[in-house]
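**Student:** To start, I am sharing the structure in question, which I have written as structure tokens.
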């Protein structure tokens with residue numbers, strides 16, 4: 001019984017959770033969303049460029065996209081964050097005078113995300129039937145216009161679930177930014193929970209941070225499932241009410 005009480009006090013100390021909750025909501029949550037959204041937007045833009053380069057007719061562009069993708073998908077995220085954050089940090093301070101690690105953290109996360117998103121876009125675009133491109137060319141569209149107006153939109157639509165999954169990964173990977181140093185006002189969810197756990201010697205603040213991560217990721221996971229089902233099955237047709245159905249006259253007809 002003592003062991004169970006000790007476990008409960010270690011992981012579910014409600015007072016410790018309540019004490020750290022204001023910082024989690026006012027500091028950690030906004031910073032986590034800032035990191036994920038900024039790197040997600042930049043990563044999507046760069047990823048689309050990588051996808052276009054990857055399917056380009058130019059061999060040099062294809063090789064550049066492949067090398068970039070292999071490097072940033074092959075290295076652990078923490079290695080990339082440390083190399084960029086610690087390696088470019090002094091240069092950033094000399095150029096801008098800023099000591100905030102956020103620009104470099106967002107840059108690192110964007111480079112990682114763009115490599116994965118580029119492959120997602122490339123696979124989606126290449127999954128579109130070749131007949132779509134041939135039909136648009138037969139209608140007089142150029143190759144570039146056919147890709148821009150016909151092929152790419154269909155490819156993007158097919159990979160929406162994978163894109164949302166990548167954004168979920170960015171939310172979780174934002175916790176690695178603490179490796180390059182954060183001041184109190186820049187801490188994300190993990191750092192806020194970890195600092196409180198270190199100060200109190202209790203893991204309940206980390207549990208509270210984990211709950212907030214789940215509050216962000218679980219709805220997005222269900223959104224992925226909904227989008228995937230909608231793309232595979234389509235929108236359900238509503239049955240027509242019986243009272244709106246056409247009236248079929250009887251064979252005897254109405255008597256005068």
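**Student:** Given the options 209, 196, name the one that is in a helix (DSSP H, G or I), under 25 Å from residue 9 (Cα atoms), in contact (Cβ under 8 Å) with a residue 40 or more places away in the chain and over 26 Å from the mean Cα position of the chain (by Cα).
**Tutor:** 196
**Student:** Which residue, of 88, 92, is surrounded by fewer than 19 Cβ atoms within 10 Å (Cβ to Cβ), without any contact (Cβ under 8 Å) to a residue 40 or more places away in the chain and under 24 Å from residue 67 (Cβ atoms)?
**Tutor:** Selected residue: 88, the only one of 88, 92 that is surrounded by fewer than 19 Cβ atoms within 10 Å (Cβ to Cβ), without any contact (Cβ under 8 Å) to a residue 40 or more places away in the chain and under 24 Å from residue 67 (Cβ atoms).
**Student:** Yes or no: region 1-12 includes at least one residue that is out of contact with any strand residue (DSSP E or B) (no Cβ under 9 Å at 6 or more places or on another chain) and outside any helix (DSSP H, G or I).
**Tutor:** yes
**Student:** Which of the residues that make up region 57-78 are surrounded by fewer than 12 Cβ atoms within 10 Å (Cβ to Cβ), more than 18 Å from residue 121 (Cβ to Cβ) and under 26 Å from the mean Cα position of the chain (by Cα)?
**Tutor:** The answer is 74, 76.
**Student:** Quick check: is even one residue across region 15-34 over 22 Å from residue 112 (Cβ atoms), touching a residue at least 60 places away in the same chain (Cβ under 8 Å) and either in contact with a strand residue (DSSP E or B) (Cβ under 9 Å, 6 or more places away or on another chain) or not in a helix (DSSP H, G or I) (or both)?
**Tutor:** no
**Student:** Residue 121 fails exactly one of the following numbered conditions: (1) at pLDDT 90 or above; (2) under 25 Å from residue 19 (Cα atoms). What is the number of that condition?
**Tutor:** Of the numbered conditions (1) at pLDDT 90 or above; (2) under 25 Å from residue 19 (Cα atoms), the odd one out for residue 121 is (2).
**Student:** Conditions first: (1) on the phi < 0 side of the Ramachandran plot; (2) more than 29 Å from the chain's Cα centre (by Cα). Residue 140 passes all but one, so which condition is the exception?
**Tutor:** (1)
**Student:** So, one more: Does residue 170 qualify as being without any contact (Cβ under 8 Å) to a residue 40 or more places away in the chain, more than 15 Å from residue 50 (Cα to Cα) and surrounded by 14 or more Cβ atoms within 10 Å (Cβ to Cβ)?
**Tutor:** It is false that residue 170 is without any contact (Cβ under 8 Å) to a residue 40 or more places away in the chain, more than 15 Å from residue 50 (Cα to Cα) and surrounded by 14 or more Cβ atoms within 10 Å (Cβ to Cβ).
**Student:** Here's a follow-up. Out of 176, 214, 109, 206, which single residue is surrounded by fewer than 14 Cβ atoms within 10 Å (Cβ to Cβ), at pLDDT 85 or above and over 14 Å from residue 51 (Cβ atoms)?
**Tutor:** Result: 214 is the single residue among 176, 214, 109, 206 that is surrounded by fewer than 14 Cβ atoms within 10 Å (Cβ to Cβ), at pLDDT 85 or above and over 14 Å from residue 51 (Cβ atoms).
**Student:** Do we have residue 226 as under 19 Å from the mean Cα position of the chain (by Cα), at pLDDT 80 or above and assigned to a helix (DSSP H, G or I) here?
**Tutor:** Against the criterion (under 19 Å from the mean Cα position of the chain (by Cα), at pLDDT 80 or above and assigned to a helix (DSSP H, G or I)), residue 226 qualifies.
**Student:** Sticking with this one: Given the criteria within 16 Å of the chain's Cα centre (by Cα), in a helix (DSSP H, G or I) and over 15 Å from residue 209 (Cα atoms), does residue 52 qualify?
**Tutor:** In short, no.
The values are calculated or read from the model by the stated rules, or taken from the named source; none is laboratory data. None of these values were measured; they are calculated from a predicted model. For neighbour counting, all protein chains shown are included, and Cβ atoms are generated from backbone atoms with ideal geometry for every residue, glycine included.
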